[in-house]
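Presented below is the structure to which this report refers.
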Amino acid sequence: MNFVSLQMLTGDRAKYLGLVLAIAFSTFLMSHQMSIFAGLLERTRSQISDIEDAEIWVMDAKTRYVDEVRALSDQELYRVRGVQGVEWAVPLFKGVARVKNEEGTFRNAILLGLDDATLTGVPRRILAGSWQAIGEPETILIDRVGYQFFFPGQPYRAGGRLDVGGKWVTIGAVADASPPFVNLPVVYARYSDAIAMVGREPQQMSFVLAKPQGGVAPAELCRRIQAATGLKAATKQEFGWETIWYYIANTGIPINFGITITIALMVGALVSGQTFSLFILENLRFFGALKAIGVTTPRIVGMILLQAVVVLFIGYGLGVALTAAFFELTKDNLDLRGFRLLPEIMLLVAGVIFGVVLLATMVSVRRVAVVDPAVVFRG
Amino acid sequence: MGGAGMSQPAVVCERVEKSFGSGEQRLRVLRGIDLTANYGEMTFLLGPSGSGKTTLLSIIAGILRADGGTVRVLDRDLARLRNGEGAKFRLENLGFVFQQFNLIPALTAAENAAVPLLAAGARRKPAVERARALLADLGMGHRADVLPSKLSGGEQQRVAFARALIQDPRLVICDEPTSALDGAAGRHVMELLRNVAVSPQRAVVVVTHDFRILEFADRIAEIDDGVIQKIETRKRESS
């Protein structure tokens, strides 16, 4: 009877297409918005993720997320280095500097000052030049967003000149840094250069980056640093999630995306549920006839579930393909960097859309289950 | 099955009662019906709307249960059928021709006729081939691949006959088979039904209020207000 079931489904082209497109639209909207949402949240911790060498971030005890820091004194660096189990600890400056090119075009940029001696945290995905170049004085690395802004239409290459915080410096390399939450250029410099670019103050160190000695668990070392210094110490993963949760709890982002995703879900559920319900209603007398002929109710329910699963698979597949196509087509757009369709989102959307549509289907199935086969004798 | 043959009863209803609703709303639809339908015969249930003939038909088909009395169909007491057995019994032994035909619009004539075979678990290709052969016997061979929406009323009725007969059932139940047809087409359809459906191994029960087709009946049971008013047996020449 699977053949009969599928013929009944596809025979009514308008309703069949309506069902598939409703599910596809809902899937597309949900997966697209969830991907943008996840991408935005990933952006909030991009600088934490990009600094691959450091397992532990040390900061002021009241720090809540990476973009709002209270500067530490240089003494704190030595205190951290003195904690048992620390293999190394280096300073990190994070601030904002005004960057200007020779034509006078300017823009604020995120300025990261890396330890002069080790360059811990320097990006490794280099598009032009060499990351070792910022070991030279008055040399910076800039990400490709910044490079394209200040040198529009020019191929990536080292050697260009920029004014950062009032000091002319040379571009040593163009890096493919992860996009930050605010779509500002990211500039990397030696710690001492970065401090000079923003103007020296009594306390300027944003973070201390540390690595535990072999055999010392990062979480254990965090506890030791906190106990010894009174500062907050967190693993890279912990601090990344703290930053994400800060944005979730303190911005309208999740509410806005939540509304869109909910509307997509409701539209998908309502349209597909309503269309499927109408489809069942219009076929009720045929299902009644099948019951009268001797097809059992479980068999008929199976036929309807098969119809639902088929439109779900096709609709979901189309929707996910549309989302994937969107991100594939926009992957070179710098403003949309970091947004992509994650497998987890595909699974989540599949679970939600299958659940909702199957629920709507079950409501329709009830009508068929209770339909009296004698209805076919009533003209 | 024992006893199948001319003048042996395929359907025996004794003192059959059926009511709907309860209390003051209770409506007695059948009030002690006695009826026999024999193998090799066409038994007509004749009566006006609301007389109870459709309810009786549903009970004979095992779709409704009688409140009282006994109903034996093909030597089976329908009251003793357990849940799920009724559907199997209908699928294996009964053929149906519905008033509105109820052909599935998305299936071709042959596929529609093959539905009972498919429901019984047959593979699609041989089932549809068998339906094609049966449709050819009914003069519909050239229309086997046509959708119901492209068929005339008479053609749809023949597809419905094919669907009813494809499992070679021992009892065929027809609900107002000519109500959607004009006089000539109705007569033609009844001739066809008599020729293909009536056999010594099969009984045919027809519900109708169409007096124009009574000439095809072997036995006519007139029902009104839930009671059999008259049973008339007609002698026919062997067709």
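The values are calculated or read from the model by the stated rules, or taken from the named source; none is laboratory data. It should be emphasised that the depicted structure is a prediction, and the values quoted were computed from it without experimental measurement. With ideal geometry, Cβ positions are generated from the backbone for all residues, glycine too; neighbour counts draw on all protein chains shown.
Screening region B:75-110 for residues that are in a loop (DSSP other than H, G, I, E, B) and small (Gly, Ala, Ser) and picking the one that is modelled with the highest pLDDT gives B:Ala106. Taking region A:160-242 as the region of interest, the strands (runs of 3 or more DSSP E) fully inside it that hold 1 or more residues being hydroxyl-bearing (Ser, Thr, Tyr) are A:167-175, A:186-190, A:232-235. Do we have A:Leu312 as over 15 Å from A:Val352 (Cα atoms) and more than 11 Å from chain B (Cβ to nearest Cβ) here? The answer is no for A:Leu312. Against the numbered list (1) more than 14 Å from every other protein chain (Cβ to nearest Cβ); (2) out of contact with any helix residue (DSSP H, G or I) (no Cβ under 6 Å at 6 or more places or on another chain); (3) at pLDDT 85 or above, A:Pro298 comes up short only at (1). Scanning region B:101-120 for residues that are closer than 15 Å to A:Lys291 by Cβ, within 18 Å of the chain's Cα centre (by Cα) and either polar (S, T, N, Q) or more than 7 Å from every other protein chain (Cβ to nearest Cβ) (or both) yields a count of 1. If the condition is being touching a residue at least 40 places away in the same chain (Cβ under 8 Å) and of a type in the set (Asp, Glu), then region B:145-201 contributes B:Glu155, B:Asp175, B:Glu176. If the condition is being in contact with a helix residue (DSSP H, G or I) (Cβ under 7 Å, 6 or more places away or on another chain) and among the basic types (Lys, Arg), then region B:80-99 contributes only B:Arg90. Taking region B:136-151, which residues are over 13 Å from B:Leu192 (Cβ atoms) and not in a loop (DSSP other than H, G, I, E, B)? If the condition is that a residue be over 13 Å from B:Leu192 (Cβ atoms) and not in a loop (DSSP other than H, G, I, E, B), then B:Ala136, B:Gly141, B:His142, B:Arg143, B:Pro148, B:Ser149, B:Lys150 are the ones that fit. Here the condition is being assigned to a helix (DSSP H, G or I), within 14 Å of another protein chain (Cβ to nearest Cβ) and crowded, with 17+ Cβ neighbours inside 10 Å; of A:Ala369, A:Ala374, A:Ala360, it holds for A:Ala374 alone.
Tell me whether region A:331-345 contains one or more residues that are touching a Lys or Arg at 6+ places or on another chain (Cβ under 6 Å), within 30 Å of A:Asp176 (Cα to Cα), surrounded by 14 or more Cβ atoms within 10 Å (Cβ to Cβ) and more than 14 Å from chain B (Cβ to nearest Cβ). Scanning region A:331-345, I find at least one residue that is touching a Lys or Arg at 6+ places or on another chain (Cβ under 6 Å), within 30 Å of A:Asp176 (Cα to Cα), surrounded by 14 or more Cβ atoms within 10 Å (Cβ to Cβ) and more than 14 Å from chain B (Cβ to nearest Cβ), so the answer is yes.
Here region B:141-186 is the region considered, the condition is being surrounded by fewer than 16 Cβ atoms within 10 Å (Cβ to Cβ) and of a type in the set (A, V, I, L, M), and the residue that is modelled with the lowest pLDDT is B:Ala184. Among the residues of region B:6-26, is there at least one that is modelled with pLDDT of 85 or more, closer than 24 Å to B:Val159 by Cα and not polar (S, T, N, Q)? Checked against the condition, which is being modelled with pLDDT of 85 or more, closer than 24 Å to B:Val159 by Cα and not polar (S, T, N, Q), region B:6-26 yields no hits at all.
Suppose we filter A:Gly273, A:Gly338, A:Gly258 for residues that are at pLDDT below 90, within 36 Å of the chain's Cα centre (by Cα) and not in a helix (DSSP H, G or I); which single one remains? The match here is A:Gly338. Does at least one position in region B:216-225 carry a residue that is part of a helix (DSSP H, G or I) and touching a helix residue (DSSP H, G or I) at 6+ places or on another chain (Cβ under 8 Å)? Checked region B:216-225: at least one residue is part of a helix (DSSP H, G or I) and touching a helix residue (DSSP H, G or I) at 6+ places or on another chain (Cβ under 8 Å).
When B:Leu64, B:Leu45, B:Leu94 are checked against the criterion of being within 20 Å of B:Leu171 (Cβ to Cβ) and either more than 10 Å from chain A (Cβ to nearest Cβ) or not hydrophobic (A, V, I, L, M, F, W, C) (or both), a single residue qualifies: B:Leu45.
Test B:Ala131 against the criterion of being among the hydrophobic types (A, V, I, L, M, F, W, C), buried (at least 18 other Cβ atoms within 10 Å of the Cβ) and either at the interface with chain A (Cβ under 9 Å from one of its Cβ atoms) or out of contact with any strand residue (DSSP E or B) (no Cβ under 8 Å at 6 or more places or on another chain) (or both), and give yes or no. Judged against the criteria, B:Ala131 is a match. Out of the residues in region B:75-91 that are basic (Lys, Arg) and free of Cβ contacts under 8 Å to residues at least 24 places away in the same chain, which is farthest from the other protein chains (Cβ to nearest Cβ)? It comes out as B:Arg80. So, A:Phe313, is that one in contact (Cβ under 8 Å) with a residue 24 or more places away in the chain, assigned by TED's automatic domain parsing to the domain that holds A:Val368 and of a type in the set (Phe, Trp, Tyr) or not? The answer is no for A:Phe313. If I filter region A:102-109 for residues that are closer than 17 Å to A:Asp176 by Cβ and either of a type outside the set (Ser, Thr, Tyr) or modelled with pLDDT of 90 or more (or both), do I get at least one hit? Within region A:102-109 (the criterion being closer than 17 Å to A:Asp176 by Cβ and either of a type outside the set (Ser, Thr, Tyr) or modelled with pLDDT of 90 or more (or both)), the answer is yes, since at least one residue qualifies.
Among residues of region A:277-295 that are more than 7 Å from every other protein chain (Cβ to nearest Cβ), those with a Cβ under 6 angstrom from a residue that is crowded, with 24+ Cβ neighbours inside 10 Å, sequence gap 6+ or separate chain, pair up as A:Gly288/A:Pro373; A:Gly288/A:Val376; A:Lys291/A:Pro373. A search for C-beta distances below 6 Å between a residue of region A:127-143 that is farther than 17 Å from A:Val164 by Cβ and any residue that is assigned to a loop (DSSP other than H, G, I, E, B), counting only pairs 6+ apart in sequence or on different chains, returns A:Leu127/A:Tyr156; A:Leu127/A:Asp176; A:Ala128/A:Tyr156; A:Ala128/A:Arg157; A:Ala128/A:Ala158; A:Trp131/A:Val122. The residues of region A:1-15 that are within 10 Å of chain B (Cβ to nearest Cβ) and touching a Phe, Trp or Tyr at 6+ places or on another chain (Cβ under 9 Å), listed by number, are A:Met8, A:Leu9, A:Thr10, A:Asp12. Counting only residues that are modelled with pLDDT under 85 and hydrophobic (A, V, I, L, M, F, W, C), region B:194-210 holds 3 of them.
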